[in-house]
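All remarks here apply to the structure that follows.
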Amino acid sequence: MTKRAFTLAEVLITIGIIGIVAAITIPALITNYQSRVYETNKTVFENRMGEALRQMNIAEELTGYTTTKQFVDALKKYMKIIEVCEEGKLTACFPDKINASDGEPIDVADADFIGEAEEWETGLMGIVLQNGHSAIIKYNPNCQTKGIASTVDDLEHCAMVAYDTNGKSLPNALNKDVQGVNGAQLSSGTVKTITLPSGLEMTEMDVAYEPINTCDQSSPYHYENNDNCANDYWAGATEACDNLTMELPSRVTQAQEILNWCVTNPSSCSSSNLYWLKEADTSNAYRLNIPMKNVFPSGKQNSYTVRCVK
């Protein structure tokens, strides 16, 4: 009985095919794994911060501070903070530079939060947690709470927080290991944007904002018969984009492009997947739902994610 073995050529061809398949699939597997790690670390940090805030609110220690240092001193009782860095020494706690998607680094030593937080004269503070996560915090002296804080969303009105889930280890990149709670965005002075295929420019990160009162007819965002005018999140989102000399995306011409971008670049979009759009009527405004791939009106009292465009 004759036994047939593989020839050298057949073996080399097989190895070559395996190598080609590996070259195609392994990078994608690594990227997907890294994305899951970033998302898991984000969830861990924000859950711990949310629980700390809830406990601070129960103890009536979440409000009433005039400086970020005072707030961080109180936060120490609720989070395992092993190092605190005052403004001017932030890089002792946080990476020296953060890599933006456009390749332009943000110098942390000169950075501040954009939007309304620029007006909070409370200073910045850096912290390092026992698990290696680090953060930069700026406290809102006008912080007020509504009921018992139960999630990290309650931080939205009390502070801005940017955090790095692996300390000073690479990549130190926005939307990867560096994230912002409730759209908090650090900047060296200019708003970072990304350019979509059509040429539309969109803010690289979610934009922080707060609801505003639009009941007064003098408000530029006033709508008659708006039942949600006292706590109008859509108007706050519109104002935040106006302050950046930008605007909310249009449901008619821009929502589909942003949807396509988020579907193909999920790590660059908010995990909430709900975005305010420009069009509105009395008590409602349109929002883009990424998972459902649709546009639908929603009450202006809802807090959705904001990306500004121009």
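Can you name the residue in the stretch 222-264 that is part of a loop (DSSP other than H, G, I, E, B) and without any contact (Cβ under 8 Å) to a residue 40 or more places away in the chain and, of all such residues, is farthest from Cys308 (Cα to Cα)?
Initial filter on the stretch 222-264 (part of a loop (DSSP other than H, G, I, E, B)): 222-228, 244-246, 248-254.
Now drop any that are not without any contact (Cβ under 8 Å) to a residue 40 or more places away in the chain, which leaves 222, 250, 252-253.
Numbers: His222: 20, Ser250: 10, Val252: 15, Thr253: 14 Å.
If we take residues in the stretch 222-264 being part of a loop (DSSP other than H, G, I, E, B) and without any contact (Cβ under 8 Å) to a residue 40 or more places away in the chain, then His222 is farthest from Cys308 (Cα to Cα).
Testing Ala208 on (1) at pLDDT 75 or above; (2) outside the structural domain of Asp96 (by TED's automatic domain parsing), one condition comes back false. Which one is that?
Looking at each condition in turn, Ala208 falls short on (1).
Right, Val252: surrounded by fewer than 20 Cβ atoms within 10 Å (Cβ to Cβ), of a type in the set (A, V, I, L, M, F, W, C), more than 22 Å from Glu118 (Cα to Cα) and under 20 Å from the mean Cα position of the chain (by Cα) or not? Give the derivation first.
Details: surrounded by fewer than 20 Cβ atoms within 10 Å (Cβ to Cβ): yes; of a type in the set (A, V, I, L, M, F, W, C): yes; more than 22 Å from Glu118 (Cα to Cα): yes; under 20 Å from the mean Cα position of the chain (by Cα): no.
Judged against the criteria, Val252 is not a match.
Tally time: how many residues in the stretch 54-92 are of a type outside the set (Val, Ile, Thr), assigned to a helix (DSSP H, G or I) and in contact with a Phe, Trp or Tyr (Cβ under 8 Å, 6 or more places away or on another chain)?
Of all residues in the stretch 54-92, those of a type outside the set (Val, Ile, Thr) come to 54-57, 59-62, 64-65, 69-71, 73-80, 83, 85-90, 92.
The next check asks that each one be assigned to a helix (DSSP H, G or I); those that pass are 54-57, 69-71, 73-75, 90, 92.
Within this subset, residues satisfying the condition of being in contact with a Phe, Trp or Tyr (Cβ under 8 Å, 6 or more places away or on another chain) are 55-56, 70-71, 74.
Result for the stretch 54-92: 5.
Tyr38: farther than 16 Å from Lys138 by Cα, aromatic (Phe, Trp, Tyr) and in contact (Cβ under 8 Å) with a residue 24 or more places away in the chain, yes or no? Lay out the reasoning, then the answer.
Numbers: farther than 16 Å from Lys138 by Cα: yes; aromatic (Phe, Trp, Tyr): yes; in contact (Cβ under 8 Å) with a residue 24 or more places away in the chain: yes.
The answer is yes for Tyr38.
Among the candidates Ala235, Ala230, which residue alone is more than 30 Å from Gln130 (Cβ to Cβ), surrounded by 22 or more Cβ atoms within 10 Å (Cβ to Cβ) and more than 14 Å from the chain's Cα centre (by Cα)? Steps first, answer last, please.
Values: Ala230 fails: surrounded by 22 or more Cβ atoms within 10 Å (Cβ to Cβ).
From the options Ala235, Ala230, the qualifying one is Ala235.
The values are calculated or read from the model by the stated rules, or taken from the named source; none is laboratory data. It should be emphasised that the depicted structure is a prediction, and the values quoted were computed from it without experimental measurement. No Cβ is skipped: glycine too gets one built from the backbone with ideal geometry, and neighbour counts run over all protein chains shown.
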